Amino acid sequence: MLERRHRSAEAPHEDLVDHLVRSTPLQRGEAARVVLDVLAYFDETTEEFVRRRHRELQSQGLRNEAIFERIRHEMPHRAVAPPDLSTRQLRRLIYG
């Protein structure tokens, strides 16, 4: 996975960067950073997504029962939908 991220950092998708520069007020460097940020977001593993969302939702004051339910509903909408995980599997990703 690190290799994929590293490759993206070396050669961002120039056609997409060009499109963003033409269609938005972004400068080339800003557009390249947006592309890299989006690629990193979609490069996130299921485990990384679950842990990140748990932290984010916990910081909003939600309790685990509501957090796990919300994560389960969000997961199918990821770019590449991960497998359907039970509450128990989600707990294991968080707490080991």
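The values are calculated or read from the model by the stated rules, or taken from the named source; none is laboratory data. Because the structure is predicted, anything quoted here is derived from the model rather than measured. Cβ placement follows ideal geometry from the backbone for every residue including glycine, while neighbour counts extend to all protein chains displayed. Each accessible area value is taken on the protein alone, full model and side chains, heavy atoms only, with ligands, DNA and RNA left out. Shrake-Rupley method; radii C 1.70, N 1.55, O 1.52, S 1.80 Å.
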**Message:** I'd like the full set of residues that are of a type in the set (S, T, Y), at pLDDT below 90 and either over 30 Å from L93 (Cα atoms) or open to solvent by less than 50 Å² (accessible area, probe 1.4 Å) (or both), limited to segment 12-45.
**Reply:** T45
**Request:** Filter segment 54-66 for residues that are in contact (Cβ under 8 Å) with a residue 12 or more places away in the chain and under 25 Å from V38 (Cβ atoms) and give the result.
**Result:** H54, L57
**Residues of segment 62-89 classified as in contact with an Asp or Glu (Cβ under 8 Å, 6 or more places away or on another chain) and either open to solvent by 60 Å² or more (accessible area, probe 1.4 Å) or among the basic types (K, R) (or both), total** = 2
**Request:** With the checklist (1) of a type in the set (S, T, Y); (2) open to solvent by 70 Å² or more (accessible area, probe 1.4 Å); (3) under 12 Å from the mean Cα position of the chain (by Cα) in hand, flag the one item S59 doesn't pass.
**Result:** (3)
**Complete:** Of the residues in segment 55-77, those that are out of contact with any Leu (no Cβ under 8 Å at 6 or more places or on another chain) and either assigned to a helix (DSSP H, G or I) or under 18 Å from Q89 (Cα atoms) (or both) number 13
**Prompt:** Using beta carbons and a limit of 6 Å, which pairs, at least six apart or on different chains, have the first residue in segment 12-31 and without any contact (Cβ under 8 Å) to a residue 24 or more places away in the chain and assigned to a helix (DSSP H, G or I) and the second one open to solvent by 90 Å² or more (accessible area, probe 1.4 Å) and not acidic (D, E)?
**Reply:** V21/R28
